[in-house]
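Report on the following structure.
Values in this text are rule-based calculations from the coordinates and carry no lab data. Computed from a prediction, not measured in an experiment: that's the story for all the values here. Positions of Cβ are backbone-derived with ideal geometry, glycine not excepted, and every protein chain shown enters the neighbour counts.
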Amino acid sequence: MSVAVKKSPNFNERKSFKRPRPSWTHSNDDERRRKTPLRANGPLQNGNGYHKSPPTVLSSTGSRNKAEQISSSVPSSSIASSKSSPLQEQRSKLPIAKGKDALIQEFLEHDVTVLLGETGSGKTTQVPQYLLESGLARDGMIAVTQPRRVAATSLASRVAAEQNVTLGTSVGYSVRFDERFSPQTRIKYMTDGMIVRELMSDPLLSKYSVIIVDEAHERSLRTDILIANLKTIQRQRNGSQDVKGKGKNKVNATNPLKIIIMSATLDAEKFGRFFSGAKILYVQGRQHPVKIYHSSQGQVDYVDAAMRTFFQIHTDYPPGDVLIFLPGQEDIESLEKTIQIYVNQLPQDRMSVLICPMYAAQAAGQNSKVFVAPPANTRKCILATNIAETSITIPGVKYVIDTGKCKEKRYLARNTGGGFDTLLTRDITQSSAMQRAGRAGREGAGHCFRLYTVEAFKAMPLSAEPEIMRCSLSSSLLQLKCIGQDLETFELMDQPAEESMKSSLIVLYLLGALSLEKEITALGRQMAAFPLEPIYGRAIVASKEHGCTQEVLDIVSVLSASSKLFVESSEQREAVSEARRKFRHVCGDHLTILNVVRAYQEIARAEGKGNRKEWCRRHFLNERALLEASDIRDQLRQTCERVGIDHGVSCGDKDDPVIFSLGHGLVMNIAFLQPDGTYKQTIGQSIVKIHPSSVLCDKKIPAIVYDELVYTNQIYARGVSRIPKSFIVTLGALKQQS
Ligand SMILES: Nc1ncnc2c1ncn2[C@@H]1O[C@H](COP(=O)(O)OP(=O)(O)OP(=O)(O)O)[C@@H](O)[C@H]1O
Ligand SMILES: [Mg+2]
């Protein structure tokens, strides 16, 4: 979406900012929260064999609640007693600190605990440290899972600082293609995807004494799979005792497992039911208040409204950084440009503005810049997707602007197996709105400006539909098959749709990962060893047969990097096209990527850092993507060694072996040219066009293979190569399909 800049505001005189500002109604989120069923603070049902008692409220209000009775029965400990640095001071002031002893006692008594507490109360940073300091984790590790990598890495840094240790020693993290931990590590922040992957090598997760499933309200696919596994693992590790930990028949009592489920906005009863009898605890109190403002009218153009609200804050409110939530990268880039235009016109004597975009497709290093303090007299303006919504603390943020929109992944299943994931913009949920507001009250009182009305907030669903019910299951299905589990018969909190299950099974069968009897094949095991979508795992395995593993690894590494290789610039389209001409390959985008990688490797051998950077800039290439791809390639090479694939084998300048290997993986993504110039999928019914960013965009190719489909006003194939029809007919998958 673009924002037309009609009149530039004059910031010398505040009133001459001509565009109408959104008008606000003030409400107190805390008050509303008390009424919402998200908070399990009232008596819970006794039916269905769960929750025999109401949740325990841990507070410091002086009321005679259970928490206080408990804390008097265990030795009191003061966090700030031994170390009195400012960080320890801060720790001791967090709302959760007052319930520390009571919490430890509850964790000791219960094998499964559901812990609710206001955003910023100290759950994620403190609970692992309490467990460690109290000796509850024994000699095992404490895993803290996060749905997003930026949360895992930033929380690990914070907790390492609070523990006064170097990151990677006793406190570490593990996210895909990046990890910092050592044999000494006791607290490990990790993405839910990483711990699910560990199940393949250690099905009982025996290294961990405590597993904390954080931000469980997000119900990511991996979180759901983890939770289902934890239930069975705990039965095996703790014996047939009940979740209160009081059973007698302990099978492996030397290494029992404790499970803690945490969030600020969670349907505690649902989790309690799943773990039949889990203890529900509520940590009362918020460290800092957040004042919520709703716009008095709905905003048609949320990007424009966000821009106006930002300048309203910048001109009217005291210093403090601003965090703006937008649905996706395009809106972020559009708003960045608009804000920058106005910022350039700010008078010299006014506080300057530093804009920091933050979205998943940016390289990890780029996202970590938002955590760095801005120069003096500068207000940071962070433009983020929902990757900044939960868990993290961005120091300095005092104001949040919430557009009320997000992008959600949805799998359009086809029972032929030709389904695909799409990203759709939609309204957020109440739970997201509360999490977003919570980012403003971390270091002091904050303000949250919602660009939607109170009525719109009330009309929002409480929480999002679990991801398992709306996205592709192939990768998880394959991982579970490796450990002998069957997603179809698995005891999950919510069952996925039958259609997407069927579609994913077909994909795996056509890739050769499953037999007709749905058993995992040797090929499937090799594919699953790679931390990639099965399609790319299949391409790497096929590269062994075609003698081109070096080339396929180079291409797959770039495709797996979190940022795009090619920098697009609509204003300089001609210049971009000219600069990239020399990399263009007649076969299409995959071999074009390979040309770029090879050219960059040559430059890197011959030139210093500065010249490499300049070379990338001249060719509109994103060096971060190339650097990240190089790390990914190193890790994929290690996996190749483990599964017996020689990663040094190269096919030189031959094109076909590379395309054929990719074709084995992307077998679901093949389409034939039709007389009208569009393409029809060979598996699946969709009619697609080649994406304008492809080097084959204006060409008519009899058959194409592509990385993905993107859904805008029509369906586009992105990352496209030509593929000989003669090869396609040899593909086993297509024969099996017919
Ligand atoms: N990187 C950081 N820089 C400064 N303060 C921090 C940082 N991380 C945490 N804090 C402080 O610690 C408090 C507790 O953070 P923590 O992440 O443990 O809260 P939480 O209860 O898990 O919140 P949420 O529900 O939002 O995840 C924050 O409100 C903030 O005051
Ligand atoms: Mg947290």
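Ranked by how many other Cβ atoms sit within 10 Å of their own Cβ, fewest first, the residues 613, 689, 481 fall in the order 613, 689, 481.
How long is the gain from residue 515 to residue 351 if the chain were fully straight, where each residue apart is worth 0.36 nm and the alpha carbon distance is subtracted?
Using 0.36 nm per residue and subtracting the Cα-Cα distance, I get 52.6 nm.
Expressed as a whole percent, the proportion of Cα-Cα pairs in the range 562-721 lying more than 21 Å apart is 54%. Name all residues of the range 571-589 having a backbone nitrogen under 20 Å from the label point set 7 Å from the Cα of residue 653 along its Cα→Cβ direction, giving them as ranges. The answer is 581-589. In a simple Cβ point-charge model (Lys, Arg +1; Asp, Glu -1; nothing else charged), the range 666-738 has a dipole of about 180 debye relative to its Cα centre. Cβ-to-Cβ counts within 10 Å put 343, 705, 729 in ascending order as 729, 343, 705, the fewest first.
Considering only Cα atoms, the convex hull volume of the range 293-377 works out to 119 Å³ per residue. Measuring between their Cα centroids, the range 341-399 and the range 158-178 lie 24 Å from each other.
For 260, 339, the sequence from fewest to most other C-beta atoms within 10 Å is 339, 260. The ratio of the alpha-carbon radius of gyration of the range 630-672 to the globular-protein estimate 2.2 N^0.38 Å is 1.40.
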